[in-house]
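Chemist: Pasting a structure here, questions to come.
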Amino acid sequence: MSIKSLLVTFVAISCALAQQQMYAQCGGIGWSGGTTCVSGAVCTKLNDYYSQCLPGTAPSSTTTSSGPSPTGNPNSGALPFVGGVNMAGYDFTVYTDGSFNGTGVDPPVSQFSHFAQQGVNIFRIPFAWQLMTPTLGGTIDGTFFQRYDASVQAALNSGSSPYVILDLHNYARWNGQVIAQGGPTNDQYASIWSQLAAKYKGNKKIIFGIMNEPHDVPSVSTWVDSVQKVVNAIRAAGATDNYILMPGSSWSSAQAFPTEAGPLLVKVTDPTGGTSKLLFDIHKYLDSDNSGTHLDCVTDNVAVMQAVVNFLKANGNRQALLSETGGGNTASCFTALKSELAFVKANSDSIAGFTVWSAGSFDTNYELTLTPNADGSDQPLWTNAVRPNLP
């Protein structure tokens with residue numbers, strides 16, 4: 001082989017090695033990696049900060065398209081990529097049977113600006129149903145709402161113009177009984193969201209997280225009917241332009257979603273039209289039993305998240321949000337969580353973002369703590385796995 005042929009071969013091999021795989025990042029502000037994609041994919045601009053290799057055929061004269069993704073979410077109202085953290089406290093002593101016996105603890109106000117300064121653009125603030133409406137189906141308690149809204153406003157004003165998820169953290173239950181399946185009626189469930197929607201309808205940055213981790217519901221289809229009732233109530237209250245997070249079953253499991261609740265939840269309709277403001281709420285931890293109670297991580301969940309992406313693309317290019325995930329401050333979690341969140345970021349047209357569990361009122365000894373230390377330094381998991389994947 002001639003020297004010229006060897007040179008051509010070397011250049012060809014180098015180019016091939018530089019090509020990004022399907023669904024990998026290939027451009028955006030600050031990107032220093034490869035900008036061409038493997039055969040069958042085109043580097044498609046999703047926003048100024050992120051271009052991704054998506055199925056398609058690139059034009060012969062260019063490697064990057066500035067137009068909309070051929071397979072991205074076609075709805076103009078799709079949620080942009082968000083990354084942030086849960087701010088726990090108002091949910092403390094909510095048990096998995098939906099019972100509650102505490103007063104809640106206000107998340108430290110200083111944490112909102114602390115995280116926002118690092119690029120966080122979404123906070124999730126859980127609360128107990130019984131704190132917000134002490135009587136089932138009754139009116140919102142003004143004293144508690146004043147506390148809760150102070151946290152919401154602190155988040156909204158933290159400097160990054162973030163989204164804020166209002167998270168009803170009761171596991172589809174009130175004091176041990178499942179909504180519309182032996183427990184609260186759909187009207188009683190919808191009442192709390194009608195009232196909250198009326199209070200926050202003027203702010204598009206508020207996201208309604210209508211229920212945390214439904215589990216062991218006798219009928220998934222009946223649960224989906226309850227979801228539809230709440231969506232209708234939120235829109236009827238005037239909150240017509242806010243995103244709504246719709247959870248499935250099995251603890252909002254991302255793994256179960258494509259085959260269990262997902263095929264039913266995709267049928268939920270938005271009275272305002274379209275589906276871009278109806279997002280699916282998914283959770284997935286990385287420890288041995290997916291409980292989020294162990295320090296070590298055994299999986300990066302990429303295969304599970306890819307299955308979710310495939311389902312979303314096959315069902316109208318919908319979006320989900322990973323509102324709970326996390327791990328311990330251990331080497332295995334540094335690697336696994338970083339990989340999981342990088343996948344979410346690379347597929348943000350389908351999984352719009354994440355809020356990691358958890359900071360707020362947890363102390364720094366909690367297994368999955370992301371609460372900053374007293375000296376203002378961050379937990380190693382945050383530094384090694386979360387912060388590199390923020391927007």
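The values are calculated or read from the model by the stated rules, or taken from the named source; none is laboratory data. Everything numeric in this text was worked out from a predicted model, so none of it was measured. Neighbour counts run over all protein chains shown; Cβ positions are idealised from the backbone, glycine included. These area figures cover heavy atoms from the full protein model, side chains too; ligands, DNA and RNA do not enter into them. Shrake-Rupley method; radii C 1.70, N 1.55, O 1.52, S 1.80 Å.
Chemist: Count, please, the residues in the stretch 205-221 that happen to be open to solvent by 40 Å² or more (accessible area, probe 1.4 Å), in contact (Cβ under 8 Å) with a residue 40 or more places away in the chain and either touching a strand residue (DSSP E or B) at 6+ places or on another chain (Cβ under 9 Å) or assigned to a loop (DSSP other than H, G, I, E, B) (or both). Let's see the steps before the verdict.
Modeler: Applying the first criterion (open to solvent by 40 Å² or more (accessible area, probe 1.4 Å)) to the stretch 205-221 yields 205, 216, 218, 221.
In the following step, the residues that additionally are in contact (Cβ under 8 Å) with a residue 40 or more places away in the chain were identified as 205, 218, 221.
Those still in the list that are either touching a strand residue (DSSP E or B) at 6+ places or on another chain (Cβ under 9 Å) or assigned to a loop (DSSP other than H, G, I, E, B) (or both) too: 205, 218.
So the answer is 2.
Chemist: Hey, could you check the stretch 364-377 for residues that are farther than 18 Å from S332 by Cβ and in contact (Cβ under 8 Å) with a residue 12 or more places away in the chain and say which is surrounded by the fewest Cβ atoms within 10 Å (Cβ to Cβ)?
Modeler: Within the stretch 364-377, the match that is surrounded by the fewest Cβ atoms within 10 Å (Cβ to Cβ) is G376.
Chemist: Here is a list: S358, S339, S348, S332. Which entry is open to solvent by less than 50 Å² (accessible area, probe 1.4 Å) and in contact with a Lys or Arg (Cβ under 9 Å, 6 or more places away or on another chain)?
Modeler: On the way: S339 fails: in contact with a Lys or Arg (Cβ under 9 Å, 6 or more places away or on another chain); S348 fails: in contact with a Lys or Arg (Cβ under 9 Å, 6 or more places away or on another chain); S332 fails: in contact with a Lys or Arg (Cβ under 9 Å, 6 or more places away or on another chain).
Result of the check over S358, S339, S348, S332: S358.
Chemist: Let me ask something else about it. Could you give every pair whose Cβ atoms fall below 7 Å, whose first residue belongs to the stretch 135-148 and is farther than 18 Å from N101 by Cβ and without any contact (Cβ under 8 Å) to a residue 24 or more places away in the chain, and whose second residue is open to solvent by 90 Å² or more (accessible area, probe 1.4 Å) and in a loop (DSSP other than H, G, I, E, B), counting only separations of at least 6 or pairs across chains?
Modeler: Hits for this filter: zero, empty list.
Chemist: Any chance you could count how many residues in the stretch 292-305 are under 18 Å from L322 (Cβ atoms) and crowded, with 18+ Cβ neighbours inside 10 Å?
Modeler: Residues flagged as under 18 Å from L322 (Cβ atoms) and crowded, with 18+ Cβ neighbours inside 10 Å within the stretch 292-305 amount to 6.
Chemist: Within the stretch 89-126, which residues are β-branched (V, I, T) and either more than 14 Å from Q153 (Cα to Cα) or more than 21 Å from the chain's Cα centre (by Cα) (or both)? Outline the logic, then answer.
Modeler: Looking only at the stretch 89-126, we keep the residues that are β-branched (V, I, T), and these are 93-94, 96, 103, 105, 109, 120, 122, 125.
Within the stretch 89-126, T93, V94, T96, T103, V105, V109, V120 qualify.
Chemist: Scan the stretch 255-268 and give yes if some residue there is among the basic types (K, R), under 30 Å from N301 (Cα atoms) and in contact with a strand residue (DSSP E or B) (Cβ under 8 Å, 6 or more places away or on another chain), otherwise no. Steps first, answer last, please.
Modeler: At the first step, the residues of the stretch 255-268 found to be among the basic types (K, R) are 267.
Then keep just the ones that are under 30 Å from N301 (Cα atoms); that gives 267.
Filter once more, so that each one left must be in contact with a strand residue (DSSP E or B) (Cβ under 8 Å, 6 or more places away or on another chain): none.
No: zero hits.
Chemist: Identify the residue in the stretch 252-291 that is buried (at least 23 other Cβ atoms within 10 Å of the Cβ) and in contact with a His (Cβ under 8 Å, 6 or more places away or on another chain) and, among all such residues, is farthest from Y171 (Cα to Cα).
Modeler: A254
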